[in-house]
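Written below as structure tokens is the structure these notes are about.
The values are calculated or read from the model by the stated rules, or taken from the named source; none is laboratory data. Fair warning: this is a prediction, and the values are worked out from it, not measured in the lab. Reconstructed Cβ throughout: ideal geometry from the backbone, glycine too, with neighbour counts over all protein chains shown.
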Amino acid sequence: MNAHSDLVTSLEWPANLNEIPKAVFDDPDLYKMELEKIFYGPEWQVVAHRGEVPEKGDFKRFYIGEMPVLVIHGEDGQVRVFHNACSHRGALVETKNRGSQLEFECPYHRWLFSSTGEMIGCPNSNQFSPGFKKENFGLREIRTDEYCGLVFATLSDDTPDLKEWMGERMLDPLARILGGDGRLRLLGYQKVNYACNWKAYVDNDGYHAPLLHPAFKLLNWQGGRGSQTPTENGHIVFEADLTMPDRVDLLDDPSLIDFKGTDTSNGSLVISTFPITVLTKHLDMLNVRFAFPRDNDHTEVHYAYFRHEDDDEEMARHRLRQASNLLGPSGMISLEDAAIFTRIHHGNISPGNAIFQKGVSDPRQLNFTPAQNDETGNLPRWEYYRKLMGFRRAQS
Amino acid sequence: MSDQVRSDARLSSVSRDVRDQIADLQADYIAALDSQDMKGWLASFDENNSSYFCRSKENEDDGLEVGYMFDDCHERICDRVKFVDEIWAGTFEEYQTRHFLQPTRCKSLGEDLYSAQTNFTVMYTDDAGITKVLASGCYDDEIVVNGVARLRSRKAVLDTNVVPRYMVYPI
């Protein structure tokens, strides 16, 4: 664990907090450092929701950074996260994305593991090295914690307690995105591999929504009402008040934008947890965007949509119909985001700084109470990133 | 989708005339999409009753209905034309698609209704002129054939479980 980028020593980060050097998007050495310090460092990574693995034996394959992990709902009811690597020679233990089974076998030498990660058997072990004990060769478990069924994992022992890491401000809105109590069931995925650096993917801001997305104008969602709360450790909570138009003439099937929910607000909630996960509740869609970097230039996003366990058939159907056509890489209100990610990535291969403007009253101060439609809410995250990576800030 | 290697679903199990009408429909469909003609795409569907779905094979095999596109009534198919031609206009970079089809199965469902499976590969070329695979998969269709063939339902099931970019146009 000693990746190094010359950029960290050669680049002087601008003194103004609203200026971001574009060079940080295009440096493979820096990306290796980010994997170590951020993805494998003392941060919680969102890897699954219990609604994806509701029954004992259910499993999901995922990634922390570039590391393959296996999330297993054990026969004892606990959801654990393991390195997806055999304790013998390191082959992937499981290659299916999801499934259900109580035993996991590496096909290479038939080493067999239980759903709680213990080694069950390994052929010819009487000829193994002296002192070999099966109990020392279970799947290597990763530290985990849960909130409303959302499964977090961290590769570091130094990561703070999960609720402390999230912060008080996030707890209530996150619970609301997760159906109030986290009793969710998976409706399905949209998966896409965006050709952009992971930092470009997460840098979407509060300023752009009514400008980039014509559907927001159509729905009279002009932005501005609500709040945006960034934290010092890189999270952002958006709460937007929305008013639904009485009728939308453009659509032949206006049920696409019906709001049927029991939540007290028809507003939108968006939470961005550091480093890469976005969770949203727009209208009746409960959406977790599980994400990981494939390499410096690619970010894979698994848009997972959920219903609540208590939904009747009509509500579950409504969530399904809304999710598929409104969000994701072909969604009526989100397609343009997907288009921008790649555009930003390519444009960032140019000299100089990206300069944030909307909501900047003092370039030398961070603002932790920006307006809902300001872009300054992203700046505390950039400052946190700068410090983590060890970039030196210019004095003037 | 279970493969139906059964004689009653071979292409030759339906008349040449029906096959010709279905072939015309498939050709019109991809010609419309590959020229970004959304109204032409719409014209491939039965206007009285039709549906269009585009989802990953992974979802399909797991019984998960979420798709990239979920048009379970003709009104939604009409709305998809508006997404592309009106709502998204000017917000995305154009890309050129080329669809390549290969029919594999066809059989009569009675009256003038037929089921058909057709493999597809869709290439795309971006502004920089680089061509890559957008998706590979299989159409699972129900087609009305009565002098002219129209789609009653089309399910585009993508083997490509992780698509390489945003998708403006249907598959």
Checklist entry - Within the set of pairs 6+ apart or on separate chains, which have a first residue in segment B:159-171 that is within 7 Å of chain A (Cβ to nearest Cβ), a second that is acidic (Asp, Glu), and C-beta atoms under 6 Å apart? => result B:Asn161/B:Glu58
Item to check | Selection status of A:Pro293, farther than 27 Å from A:Arg225 by Cα and of a type outside the set (Asp, Glu) | outcome: yes
Checklist entry - So which pairs qualify, if the first residue must be in segment A:250-279 and within 13 Å of another protein chain (Cβ to nearest Cβ), the second must be modelled with pLDDT under 85, the Cβ gap must be under 8 Å, and the two must be at least 6 apart or on different chains? => result A:Leu250/A:Leu218; A:Pro254/A:Arg247; A:Pro254/A:Val248; A:Ile257/A:Leu219; A:Ile257/A:Met244; A:Ile257/A:Val248
Next on the checklist: If the requirement is being assigned to a strand (DSSP E or B) and either farther than 30 Å from A:Gly90 by Cβ or acidic (Asp, Glu) (or both), which of these qualifies: A:Leu171, A:Leu211, A:Leu242, A:Leu187?
Outcome noted: A:Leu187
Checklist entry - Any residue in segment A:317-324 that is touching a Phe, Trp or Tyr at 6+ places or on another chain (Cβ under 6 Å), assigned to a helix (DSSP H, G or I), farther than 20 Å from A:Leu186 by Cβ and within 11 Å of chain B (Cβ to nearest Cβ)? => result no
Next on the checklist: Considering only residues that are in contact with a Cys (Cβ under 6 Å, 6 or more places away or on another chain) and either in a loop (DSSP other than H, G, I, E, B) or facing another protein chain (nearest Cβ under 9 Å) (or both), which ones fall in segment B:148-158?
Outcome noted: none
Checklist entry - Has segment A:114-133 got any residue that is assigned to a loop (DSSP other than H, G, I, E, B) and in contact with a Pro (Cβ under 7 Å, 6 or more places away or on another chain)? => result no
Next on the checklist: Taking the criterion of being in a helix (DSSP H, G or I) and at pLDDT below 90, would at least one residue in segment A:258-277 satisfy it?
Outcome noted: no
Item to check | Residue among A:Leu150, A:Leu112 that is outside the structural domain of A:Phe290 (by TED's automatic domain parsing), out of contact with any Asp or Glu (no Cβ under 7 Å at 6 or more places or on another chain) and not β-branched (Val, Ile, Thr) | outcome: A:Leu150
Checklist entry - Restricting segment A:351-373 to residues that are of a type in the set (S, T, N, Q) and in a loop (DSSP other than H, G, I, E, B), which is nearest to A:Asp26 (Cα to Cα)? => result A:Gln357
Item to check | Residues of segment A:201-217 satisfying the condition of being farther than 13 Å from A:Val278 by Cβ and of a type in the set (A, V, I, L, M, F, W, C) | outcome: A:Ala209, A:Leu211, A:Leu212, A:Ala215, A:Phe216
Checklist entry - Do we find that A:Asn136 is at pLDDT below 95 and either loosely packed, with under 14 Cβ neighbours inside 10 Å or closer than 22 Å to A:Glu232 by Cα (or both) in this structure? => result no
Item to check | Verdict on A:Asp145 being of a type in the set (D, E, K, R), within 24 Å of A:Pro54 (Cα to Cα) and outside the structural domain of A:Tyr305 (by TED's automatic domain parsing) | outcome: yes
Item to check | Residue that is within 18 Å of A:Ile64 (Cα to Cα) and either part of a loop (DSSP other than H, G, I, E, B) or out of contact with any Ser or Thr (no Cβ under 7 Å at 6 or more places or on another chain) (or both), where the choices are A:Asp205, A:Asp158 | outcome: A:Asp158
Item to check | Filter result (within 19 Å of A:Ala15 (Cβ to Cβ) and surrounded by fewer than 19 Cβ atoms within 10 Å (Cβ to Cβ)) within segment A:361-382 | outcome: A:Ser361, A:Asp362, A:Pro363, A:Arg364, A:Gln365, A:Leu366
Checklist outcome for this item: Note: among A:Gln190, A:Gln228, just one is buried (at least 23 other Cβ atoms within 10 Å of the Cβ), of a type in the set (S, T, N, Q), under 21 Å from the mean Cα position of the chain (by Cα) and more than 14 Å from every other protein chain (Cβ to nearest Cβ), namely A:Gln228
